[in-house]
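The values are calculated or read from the model by the stated rules, or taken from the named source; none is laboratory data. Remember, it's a predicted structure, so these values are computed and weren't measured experimentally. Reconstructed Cβ throughout: ideal geometry from the backbone, glycine too, with neighbour counts over all protein chains shown. In case anyone asks, the SASA skips ligands and DNA or RNA and just uses the protein heavy atoms, side chains included. Shrake-Rupley method; radii C 1.70, N 1.55, O 1.52, S 1.80 Å.
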Amino acid sequence: MSVDIRDLAGRPVIIGGGIAGLTTALHLAPEPVLLLSRPPLGADASSAWAQGGLAASLGEDDDPALHLADTLAAGDGLCDAQAARHILYGAPAAIEDLARLGVRFDRTPAGVLRLGLEAAHSRRRIVHAGGDGSGREVMRALVAAVRSTPTIEVIEGVEARRLLVEDGRVTGVLASCSTGPAFLATGRVVLATGGIGGLFLDSTNPMGSCGQGLALAARAGAVLADLEFIQFHPTALDGPRRPMPLISEAVRGEGAALVDETGRRFLDGVRGAELAPRDIVARAVWKHLADGHRVFLDVRERPGAAFAQHFPTIASACSKVGIDPARDLIPIRPAQHYHMGGVAVDLGGRTSVPGLWACGEVASTGLHGANRLASNSLTEAVVCARWVAESLTGTPARRTKPAIASDCPSPDPTTVRPLLSRALGVLRDGEPLKAAARALLPLAERKDAASDPAAVGLMIAVAALRRQESRGAHHRTDFPLHAAVARRSQIALESAIAAAREFASSPMLESVA
Ligand code: SIN
């Protein structure tokens, strides 16, 4: 690292170098900004792994109102309709912004954007790049733009460990650098740290995405929303590789079928079949596996011979384990994929703690509700990054005092993974959730490498216990029905710890909501 980050005190700090963080930094220019990234920019960010693309109503037969209706239907009654409307109406312009920045989207020979179909979309509206390499291409263009913007100082190899808060406002970031701990005085911080897949044994996310942004926000006193809603992708490639390679929903959008070992299309009786909302397909696959079947994607007829050309990343993942999709069935099963919940934010990305913003998967705007519509997340990150930057620019910088830099351990989710995987999978039930909360509580209260992942897991487990209904991706076998009224949930670390203490001391107290 050639720059001493202490010399950059006072600048807004963006934590995270995925699509949300990079786009926010670009929108802030020419305001000088510091962007902290743990891995080298572009490496190990789940954004770069996105196959699906960006959803936007760009087709002649489409309209933002239709995109909104599909999003609200998939969200199963829990979306914030106002937030969803704002974001989705901004989607077509965000695609144009990215194209202007140099993103090479897939186009027809006539130069028109090619629009793909994914589950629960009533129109073709997914913009891709490089077939199934959309995230990689968007990241390439954004990293190049950031690297050539002189007011953006990127520092790699830095991990934010704590946010300092005084009188209820953010005053700085405690970070771990290659030279040791450092304190960055700043009154304006944006969390863009991505998701929580690293907290699960089976996920399609990079293992390093283990909820660090949620831990930073929660320990700073921020309110978090809808944490119990975790999306499982129905079709991860079943095999020994971790993280699990994703088989994009776009493959089903091009006609691939889900079959079992007998060749039966077991989703035949489900409305929408292979293209039903993701939570419904994931549950159906999960149950079929639990009944002792094996489940496969059959791409031999459709998309057929064009498969490897349309989906080169997936074809290569299959070939590494000896599967030729043109000839063989592809074994699949559900894996953790996306977190609908996150740090509660308004449309300017403001959290409940002054001086703290959040953008991308770590944030909860209310767009996704109980089940995210495919390919709405990169769209959300790009649209909201502009509003976060506008809100931050409109917030005057405050002088903050320097503080002593001290070290906090780097988060290690190894002990937490089996606990969350057991209790917070596709199907949940009160007893395993209580057991997880009891096991996570002492880990969360320690001050070691497990404590931040455990604190995040504990908040999710308590939120899942409190939601005594099944809705979208949160399915309780002991409460299989919808509640009469859909309510978004909120939680703070202190209240989660208090609730878990009650579960720990009295196994009968599930109703501490
Ligand atoms: C996929 O390509 O199936 C994933 C798209 C998404 O998660 O939005």
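Placing a pseudo-label 7 Å from each Cα along the Cα-to-Cβ vector at GLU502 and LYS401 gives an inter-label distance of 3.8 nm. Spin-label model, ALA93/SER421: points 7 Å from Cα along the beta carbon direction are separated by 4.5 nm.
With both bridge residues required to lie in the stretch 12-147, what share of the DSSP beta bridges run antiparallel, to the nearest 5%? Spell out each step's value before the answer.
Working: 5 of 8 bridges.
The antiparallel proportion sits near 60 percent.
What the Cα convex hull of the stretch 262-306 gives, in volume per residue, is 83 Å³. Report the label-to-label distance for ASP167 and ARG487 in nanometres (one decimal), using points 7 Å from each Cα along the Cα→Cβ vector. Simple spin-label model gives 3.5 nm for this pair. Note that the stretch 233-295 shows a convex hull volume over its alpha carbon atoms of 88 Å³ per residue. Annotation: amide H-H contacts under 5 Å for ALA483 (H modelled 1.01 Å from N, sequence separation of 5 or more, or interchain): SER470. Here the gap between ASP478 and GLU390, fully extended at 0.36 nm per residue and compared with their Cα-Cα distance, gives a gain of 27.2 nm. Peptides 391-404, 150-163, 50-63, 367-380 ordered by packing proxy, namely the average of other Cβ atoms within 10 Å per residue, highest first: 367-380, 50-63, 150-163, 391-404. Kirkwood analysis of the stretch 15-171, using all unique Cα-Cα pairs, places the hydrodynamic radius at 17.3 Å. Counting only aspartates and glutamates at least 8 places from LYS447 when in the same chain, those with an alpha carbon closer than 20 Å to its own are GLU159, ASP407, ASP412, GLU494. As a fraction of the 1.4 Å probe accessible area of the chain, surface on carbon and sulfur atoms comes out at 53 percent. Let's test this: bin the Cα-Cα distances of the stretch 296-406 at 5 Å from zero up to the farthest pair and state each bin's percent. So the P(r) values, bin by bin, are 2, 10, 15, 12, 10, 11, 11, 9, 7, 6, 4, 2, 1. Whole-Hz Karplus values for the stretch 377-382 come out as 7, 5, 4, 4, 4, 6 Hz, taken residue by residue from phi with 6.51 cos²θ - 1.76 cosθ + 1.60 and θ = phi - 60°; glycine and proline positions read x. Please report, to one decimal in angstroms, the Kirkwood hydrodynamic radius of the stretch 72-125 built from all distinct Cα-Cα pairs. For the stretch 72-125, inverting the mean 1/r across all distinct Cα pairs yields 13.2 Å. Entry comment: accessible area of the chain is 38 Å² per residue, from protein heavy atoms only and a probe of 1.4 Å. Excluding same-chain neighbours fewer than eight residues apart, the lysines reachable from LYS287 by a Cα-Cα span under 30 Å are LYS320, LYS434. In plain terms, the bigger the Kirkwood radius, the slower the diffusion; for the stretch 361-494, with that radius from Cα pairs, at 37 °C and 0.692 mPa s, Stokes-Einstein puts D at 187 µm²/s. Of interest is the spacing of the C-alpha centroids, which for the stretch 205-234 and the stretch 384-404 amounts to 22 Å. Estimated from helices alone, the mean residue ellipticity of the chain at 222 nm is -10000 deg cm²/dmol (sum of -39500 (n - 2.57) over DSSP H runs with n ≥ 4, per residue).
Rounded, prolate or oblate: which fits the chain when a ≥ b ≥ c are the square roots of the eigenvalues of the alpha-carbon gyration tensor, with rounded for a/c under 1.5 and prolate only if a/b beats b/c? The partial results should precede the final answer.
Numbers: a/c = 1.65, a/b = 1.19, b/c = 1.39.
Oblate.
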